Amino acid sequence: MSDFGSYDDFKENAEKTGYFINEDKEFVQALLDSINVNIERYGYGACPCRLASGDREKDLDIVCPCNYRDPDLNDHGACFCALYVSEEVLKGEKKLSSIPDRRITTLKAKKEEHNDSNKEIGKLKVPVYRCLVCGYLCAREKAPGKCPICKASSDRFEQFL
């Protein structure tokens with residue numbers, strides 16, 4: 001289990017991977033504390049702004065950093081809980097506004113997509129895995145233990161091809 005720790009440590013680690021953290025230290029520390037409560041409660045760091053089921057497999061998409069972080073950053077300048085912000089927001093070049101929860105529409109789309117998943121894509125010597133957090137792709141027998149880009153764990157990968 002990982003401890004999300006203090007604002008300063010979290011900010012330093014995020015910046016090493018090219019991400020920016022909300023500058024409101026009290027707000028961010030409250031989020032980090034809530035993620036730590038979820039780690040104690042469920043055994044994984046579910047996003048504190050969404051309701052976790054207690055089943056890691058069902059909640060993989062909302063384990064921090066969640067699968068929706070990057071699309072939210074690109075479209076809105078912050079992730080759903082505003083823990084991560086874009087550089088434009090950090091510099092004051094973009095104002096934050098409400099962020100819709102894309103998990104609802106994504107889960108509905110996945111159910112529909114699942115029905116079409118039996119189509120053959122092609123024959124590869126090894127499968128291609130995609131990190132659900134940052135989109136990193138790798139072709140190998142198994143998904144990596146940790147994403148080299150965003151540091152997400154191996155269970156955050158899906159077979160892409």
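Quick note: the coordinates plus some simple rules give every number you see, no bench work behind them. Given the structure is predicted, the values throughout are model-derived calculations rather than measurements. Here Cβ is always computed from backbone atoms with ideal geometry, including for glycine, and neighbour counts include all displayed protein chains.
Quick notes
- Stretchable slack from Asp3 to Ser97, in nm (0.36 nm times residue separation minus alpha-carbon distance): 30.9 nm
- When each of the peptides 47-54, 29-36 is scored by how many other beta carbons lie within 10 Å of its residues on average, the order from highest to lowest is 29-36, 47-54.
- Ellipticity at 222 nm from helices only: DSSP H runs of n ≥ 4 in the chain, each -39500 (n - 2.57), divided by the residue count, give -10500 deg cm²/dmol.
- Spin-label model, Val128/Phe160: points 7 Å from Cα along the beta carbon direction are separated by 0.6 nm.
- Residues whose amide H lies under 5 Å from that of Ile21, counting only those 5 or more places away or on a different chain, are Val85; hydrogens are built 1.01 Å from N in the peptide plane.
- Seen from a random direction on average, the alpha-carbon convex hull of the range 7-90 projects onto 5.2 square nanometres.
- Compared with the alpha-carbon gap, the fully stretched path from Arg50 to Asp33 is longer by 4.7 nm at 0.36 nm per residue.
- Near Gly5, once Lys and Arg are set to +1 and Asp and Glu to -1 for all other residues with Cβ below 15 Å from its Cβ, the sum equals -3.
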